[in-house]
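Reviewing the structure listed below.
The values are calculated or read from the model by the stated rules, or taken from the named source; none is laboratory data. Values in this document were obtained by computation on a predicted structure and should not be read as measured data. Positions of Cβ are backbone-derived with ideal geometry, glycine not excepted, and every protein chain shown enters the neighbour counts.
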Amino acid sequence: MQSRGFTLVEMLAVMTISAILVALALPSFRSIIRSSQISSTSNDLLASIDLARSEAIRRNVTVSICRSLDPQNVAPNCSSAVANGYAANDWSSGWITFAKAPANLNNAVLEAGDELIARRSPPAVPAPERLIVESTMNNPQQMAYGPNGLRSGGNFGTFFIDHRDVQVAVRTAQARCLAIGFTGRARVAAVVNDLCPAA
């Protein structure tokens, strides 16, 4: 019995069909990746907020979480500045969580004596199309929980997490939001009519 290989015509036909299938699947695959990034970042931010709240109760001190442009530095800073390709309210630059020392009263600054609890490196590098974590808070981009687990101060808002061109203001259908209620309780929800349901 003689073995027979593929002819050049058969090989080209298979390669053509494979290329067509890959081209058809690529947009769907991109959509899955973007959806996964949005979901992962939403859950990371929610976990950081829940951590700040639970640590405030456990330690019986104020615990802050703030946007940072240098979360991986030895001594990171809170920042509400436009820099490195990030807008002033874009938390995709990263964030830090820290416990305040009793004598330190500025919740928007990591001061000497404060304890850094956690840091989140940027979930997205600056690019024309990338993950965006947009906050509706007024500056400073910071929030704090008191020893009773309730929000401390009035600087709480909503986060919109999306993957799109940074020049486009319209959110995609995959966008998620993280709403923080009056007491400081947070939850992730789907964006409805460009709005976030109340926490």
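Of all residues in segment 95-129, count the ones that are outside any loop (DSSP other than H, G, I, E, B) and among the charged types (D, E, K, R). Spell out how you get there, then give the answer.
Step one: filter segment 95-129 for residues outside any loop (DSSP other than H, G, I, E, B), giving 95-99, 115-120, 129.
Keeping just the survivors that are among the charged types (D, E, K, R) gives 115, 119-120, 129.
Going through segment 95-129 one residue at a time, the tally reaches 4.
Could you list all residues from segment 107-134 that are under 14 Å from Pro76 (Cβ atoms) and among the polar types (S, T, N, Q)? Even if it seems obvious, please write down each step before you answer.
Of segment 107-134, the ones under 14 Å from Pro76 (Cβ atoms) are 108-112, 114-122.
Ser121 - this is the single residue of segment 107-134 that is under 14 Å from Pro76 (Cβ atoms) and among the polar types (S, T, N, Q).
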Kindly establish whether Gln141 is under 18 Å from the mean Cα position of the chain (by Cα) and modelled with pLDDT of 90 or more. yes
Which of (1) buried (at least 18 other Cβ atoms within 10 Å of the Cβ); (2) assigned to a loop (DSSP other than H, G, I, E, B) is the odd one out, the single condition Leu178 does not satisfy? (2)
Return the residues of segment 41-68 that are more than 22 Å from Met137 (Cβ to Cβ), in contact (Cβ under 8 Å) with a residue 24 or more places away in the chain and either within 13 Å of the chain's Cα centre (by Cα) or not in a loop (DSSP other than H, G, I, E, B) (or both); say none if nothing qualifies. Ile57, Arg59
Within segment 158-175, how many residues are surrounded by 14 or more Cβ atoms within 10 Å (Cβ to Cβ) and in contact with a strand residue (DSSP E or B) (Cβ under 6 Å, 6 or more places away or on another chain)? 9
Just checking, does segment 150-160 include any residue being part of a loop (DSSP other than H, G, I, E, B), of a type in the set (S, T, N, Q) and within 23 Å of Pro71 (Cβ to Cβ)? yes
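Suppose the filter is at pLDDT below 85 and charged (D, E, K, R); does Asp162 pass it? Before you say what the answer is, go through the steps one by one.
Working: at pLDDT below 85: no; charged (D, E, K, R): yes.
No: the conditions fail for Asp162.
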Mind checking which pairs have a first residue in segment 11-36 that is outside any helix (DSSP H, G or I) and a second that is modelled with pLDDT of 75 or more and surrounded by 10 or more Cβ atoms within 10 Å (Cβ to Cβ), Cβ under 7 Å, 6 or more apart or different chains? none
Checked pairs for segment 85-99, first more than 10 Å from Val133 (Cα to Cα) and touching a residue at least 24 places away in the same chain (Cβ under 8 Å), second basic (Lys, Arg) and not in a strand (DSSP E or B), C-beta under 6 Å and 6 or more apart or across chains, list as Ala99/Arg59
Using the structure shown, decide if Ala112 is in contact (Cβ under 8 Å) with a residue 12 or more places away in the chain and among the hydrophobic types (A, V, I, L, M, F, W, C). no
Between a first residue in segment 152-177 that is farther than 30 Å from Asn106 by Cα and a second residue that is at pLDDT below 85 and of a type in the set (Lys, Arg), which pairs have beta carbons less than 7 Å apart while being 6 or more apart in sequence or on different chains? His163/Arg34; Gln174/Arg34
